[in-house]
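J.: This is the structure I want to talk about, given as structure tokens.
The values are calculated or read from the model by the stated rules, or taken from the named source; none is laboratory data. In this text the structure is predicted, and so the values were computed from the model without any measurement. Cβ coordinates were reconstructed from backbone atoms using ideal geometry, including for glycine residues, and neighbour counts include every protein chain displayed. Areas reflect the complete protein model, heavy atoms only, side chains present, ligands, DNA and RNA absent. Shrake-Rupley method; radii C 1.70, N 1.55, O 1.52, S 1.80 Å.
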Amino acid sequence: MLRRLAGSLLFRLIVLVVVVVVTTQVVTVYIAAGERHKLMDKQLYAQVVDTLAFLEGSMDNMNPAQRTAFLASYNRPGLPRLLPQESAPRQQFDKELPRVADSLVSRLSKGLGDTVHGYMVHREDRNELWVNVHVLDTPYWLVIPFGRYSDRPIYSLIQAALLATVLAILLASVVAWRITRPISKVVDASRELAGGKLPPPLAEDGPRELIALARGFNHMASALDNAARERRLMLAGLSHDLRTPLTRLKLMLELQDSSPDTPDMLADIDELSRIVRQFIDFARAEESARLEPVALAELADSVVARFGRSGLDVHLDRLAEPELHADALALERLLSNLLENARRYGKPPIRVEVASQDNMATLSVIDHGAGIPAALRESALAPFERLAEHRGTDGGSGLGLAIVSRVVKQHHGQLRFVDEADGGFRVCILLPLTTAAATA
């Protein structure tokens, strides 16, 4: 199930959308975070430089006592402060600087033309960056509150990116589903068409390419249906028209004086009649099955009795009494063709077996001939296929197994060829017992 899902076009489109959207959002967050840090660096550096310029301008004409009094009134908690150099021993410095603080120290060193060192002081309520600077040739500590310059990830931007990603994926998934749904309908319709059933016309809407696909499929399905109708009509009409002159020829021969060639001529006419009948059966095998309750064992008993009266060494083993919904006439044609093939190409004794297993009815015909080679069993189901060298002159049409195969497909069953352990050959037909399976 997972492999089937992973191989679907819808899943691959969704994966493509997820990869593109996530990659785009990651790149966007990375660029936004980088721009934010650049802006913070620039603003913080400008603020420090403005603060130093203001303090130098304010204390330029003051004596030391006035400077001390000015700084006492200027310094406020939570704002940049300028402290005497002797304030440092009372602090616990941390040389590990955040990225923003490290960038500020580097820029101050370049901008002031002097080596500037910075240290972090961690307090319970705030963090501070202590930078050694010279103001009017006097060393001071410039203390910068660092709570507002957080170097943590920008959670709000990440949350917005995640929300945009989820919404984009959901929207793209809906669009991908709407795009792939018509393709799925084409796939389902093609399966119906391959199963011999004409699907309803597909809706010709959506993108231009899907409209062209649906229109082309509808045209193809209609053309195939018309061709099948014409073929059935031609086979049925030709076969029907041939039966009249054949019957007339047989009647004329029977009314004429007997001659040494009369039996062979009558046999040839009978053979032609059988071929014509197979053509009719082949044409009818394409028609929709008329489902009705069928007792498979009773149907097989009737057909076996008919072949027994014609001299065929055949008997029936009724191992079960399955009942199913099927086309009784089609199943009669199926069993008749299997028995006729067993008569022509197999060896007696011939046995018909009716059983049931795993919610399936089984109908088997077993003979003791050479059977069909494994390499030729697939091609044996094709119309007009003759496998044995003598079959081109034995009067057969090559339609027997083709009719069987079509009837099995009509009933959604299975056709199997089995080599028996005792040297016989079995043709096994499995048909669904439930109504739902038979009419699916």
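J.: So if I take the centroid of the Cα atoms in the range 348-376 and the same for the range 248-264, what is the distance between those two points in Å?
T.: That distance is 39 Å.
J.: Right, something else. Quick check: the distance between the Cα centres of the range 81-134 and the range 311-343, to the nearest angstrom?
T.: The two parts, judged by their Cα centres, are 100 Å apart.
J.: A further question on this structure: Kindly state, as a whole number, the per residue volume in cubic angstrom of the convex hull around the alpha carbon atoms of the range 320-371. Present the calculation step by step, with values, prior to reporting the outcome.
T.: Values: hull volume 4.2 nm³, N = 52.
Spelled out: Cα convex hull of the range 320-371, divided by residues, is 81 Å³.
J.: I'd like to know which of Ala65, Leu108, Ala161 lies farthest towards the positive end of the charge dipole of the range 28-183, counting +1 on Cβ of Lys and Arg and -1 on Cβ of Asp and Glu.
T.: Highest projection toward the positive end goes to Ala161.
J.: Radius of gyration and Dmax for the range 114-203's Cα atoms, expressed in Å?
T.: Both quantities, over Cα of the range 114-203: 32.6, 100 Å.
J.: What are the lysines whose alpha-carbon lies under 27 Å from the alpha-carbon of Lys185, with same-chain residues fewer than 8 places away excluded?
T.: Within the straight-line cut-off, Lys185 pairs with Lys197, Lys409.
J.: Accessible surface of Leu233 in the full protein assembly, 1.4 angstrom probe, to the nearest 10 Å²?
T.: Around 130 Å² of this residue is reachable by solvent.
J.: Further question: With every protein chain kept in the model, how would you rank Leu163, Leu312 by accessible area, 1.4 Å probe, largest at the top?
T.: Result of the area sort, largest leading: Leu163, Leu312.
J.: Give me a comma-separated list of calculated 3J(HN,Hα) values for the range 205-217, in order, Karplus coefficients 6.51, -1.76, 1.60 applied at θ = phi - 60°, integers in Hz, x for any Gly or Pro.
T.: Result, rounded to whole Hz: 9, x, x, 4, 5, 5, 4, 5, 5, 5, 5, x, 5.
J.: From the gyration tensor of the Cα coordinates in the range 66-172, what semi-axes in whole Å does the equivalent ellipsoid have, largest first, with each one equal to sqrt(5λ)? Kindly include the intermediate steps, with their values, before the conclusion.
T.: Working: eigenvalues 288, 49, 31 Å².
The equivalent ellipsoid of the range 66-172 has semi-axes of 38, 16, 13 Å.
J.: Then there's this: What is the diffusion coefficient of the range 85-135 in µm²/s, taking the Kirkwood radius over Cα pairs and the Stokes-Einstein relation at 20 °C with a viscosity of 1.002 mPa s? Present the calculation step by step, with values, prior to reporting the outcome.
T.: On the way: Rh = 11.6 Å.
This corresponds to a translational diffusion coefficient of 184 µm²/s.
J.: Another one. For the range 195-229, which trypsin sites (Lys or Arg not before Pro) are both in a DSSP coil and crowded by at most 14 other Cβ atoms within 10 Å?
T.: In loop regions of the range 195-229 (DSSP not H, G, I, E or B), the sparsely surrounded trypsin sites (Lys or Arg not before Pro) are Lys197.
J.: For Thr247, Thr28, Thr262, give me the order by solvent-accessible area with a 1.4 Å probe, most accessible first, ignoring ligands, DNA and RNA. Mind showing how you got there, number by number?
T.: Details: Thr247 90, Thr28 70, Thr262 15 Å².
Greatest to least solvent exposure: Thr247, Thr28, Thr262.
J.: Per the Kirkwood definition applied to all pairs of different Cα atoms, how many angstroms is the hydrodynamic radius of the range 44-87?
T.: 11.2 Å
J.: Given the protein chains as shown and a 1.4 Å probe, how many square angstrom of Ile169 are accessible, to the nearest 10?
T.: So the heavy atoms of Ile169 present about 40 Å² to solvent.
J.: Further question: If we restrict to alpha carbons, what Rg and Dmax does the range 16-103 come to, in Å?
T.: For the range 16-103, the Cα radius of gyration and maximum Cα-Cα distance read 20.8, 71 Å.
J.: Let me ask something else. Please report the carbon-and-sulfur percent of the accessible area for the range 103-203; probe 1.4 Å, protein heavy atoms only, DNA, RNA and ligands left out.
T.: Ligands and nucleic acids excluded, carbon and sulfur give 60 percent.
J.: If you don't mind, another one. Not counting ligands, DNA or RNA, and with a 1.4 Å probe, what is Tyr45's accessible surface area in Å² rounded to the nearest 10?
T.: Number for this one is 50 Å².
J.: Output ³J(HN,Hα) for the range 411-418: one whole-Hz value per residue in order, computed from phi by the Karplus curve 6.51 cos²θ - 1.76 cosθ + 1.60 with θ = phi - 60°, and x for Gly and Pro.
T.: The phi angles translate into 9, 6, x, 9, 10, 10, 10, 10 Hz.
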